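Here the structure is laid out as C-alpha cells; the discussion comes afterwards.
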Amino acid sequence: MLLRRSNPAGDEIVDQTKTKLDQDIPLPPTLMRVLRAHVAALPPGPMRASSYLFPSTTGGMRSRSVLDKPFRDVLKALGWTLKLTPKGMRRTFNDLARQAHVHDIILRAISGHQTERMQRHYSTAQQEEMRAAVGKVISIATARLLRRRRAKKRL
C-alpha cells in the first residue's frame, strides 16, 4: 500500500504525506485478497474509477466524520458507554503491535512515526501488560528471597 497524500484540512489534498515522505507498506497476501475483492465490488462509475481505496460515491475523498456514526452504533450495540473514535484507533494499532512483539523500527515504519517520542505518544500501557510486569518483578524478588533462605539453611 502506498501512502503519498494527505488531507490536512477541508477539501484540500496535498500531494505528500505530513512527513513529506511516501510510505510504502507491504501487506500480507490475505489482506491483499480482501482489498482486491473490495475494489472489484465497487459499483461501476466514479467509485470504481477513483484512485482512492475507499472513495466516496462521487469518487472523491470521504468526509473525516464518515466512521463516527458506525462507531457510535457499534458502541451502543455493545452497551459500552466509553467514547471511542476512529481517531482514537491510532493508539490501538501501536498497542496491538507492541503485544505482538513487533520491533520498534518496524512499528515506526508502518505507522509513519519517525521518532520514538511520537511512537510512545500513540501508545498506552495496557492493564495486562502492567500486571505481567509486576508479576515478573515479584517473581524475581521471590526467587532472590528463596535463594537467600536456601543459602542460610546450608550454613
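The values are calculated or read from the model by the stated rules, or taken from the named source; none is laboratory data. Keep in mind it's a predicted model, so treat the numbers as computed, not measured. Virtual Cβ from ideal backbone geometry, glycine too; neighbours counted across all protein chains shown.
Quick test of your reading of the structure: Arg149 fulfils all but one of (1) touching a helix residue (DSSP H, G or I) at 6+ places or on another chain (Cβ under 9 Å); (2) modelled with pLDDT of 80 or more; (3) of a type in the set (D, E, K, R). Name the failing condition by number.
(1)
Looking at the stretch 105-117, which of the residues that are at negative phi and within 13 Å of the chain's Cα centre (by Cα) is surrounded by the most Cβ atoms within 10 Å (Cβ to Cβ)?
The extreme case among them is His113.
For the stretch 119-133, check the following and say yes or no: at least one residue is closer than 23 Å to Asp24 by Cβ and exposed (fewer than 13 other Cβ atoms within 10 Å of the Cβ).
For the stretch 119-133, residues closer than 23 Å to Asp24 by Cβ and exposed (fewer than 13 other Cβ atoms within 10 Å of the Cβ): absent.
Does Pro55 satisfy the criteria of being farther than 18 Å from Leu3 by Cα and at pLDDT 90 or above?
So Pro55 does not fit the description; no.
Does the stretch 84-105 hold any residues that are more than 23 Å from Met130 (Cα to Cα) and not polar (S, T, N, Q), and which are they?
If the condition is that a residue be more than 23 Å from Met130 (Cα to Cα) and not polar (S, T, N, Q), then Pro86, Lys87 are the ones that fit.
Would you check which residues across the stretch 112-155 are assigned to a loop (DSSP other than H, G, I, E, B) and either without any contact (Cβ under 8 Å) to a residue 60 or more places away in the chain or of a type in the set (Gly, Ala, Ser) (or both) and list them?
Answer for the stretch 112-155, where residues must be assigned to a loop (DSSP other than H, G, I, E, B) and either without any contact (Cβ under 8 Å) to a residue 60 or more places away in the chain or of a type in the set (Gly, Ala, Ser) (or both): Gly112, His113, Thr115, Tyr122, Ser123, Thr124, Ala125, Gln126, Leu155.
Working only within the stretch 31-60, note down all residues that are in a loop (DSSP other than H, G, I, E, B), surrounded by fewer than 10 Cβ atoms within 10 Å (Cβ to Cβ) and either of a type outside the set (S, T, N, Q) or within 19 Å of the chain's Cα centre (by Cα) (or both).
Result: Pro43, Pro44.
Tell me which residues, restricted to the stretch 83-121, are out of contact with any helix residue (DSSP H, G or I) (no Cβ under 7 Å at 6 or more places or on another chain) and farther than 29 Å from Asp22 by Cβ.
Correct list: Lys83 only.
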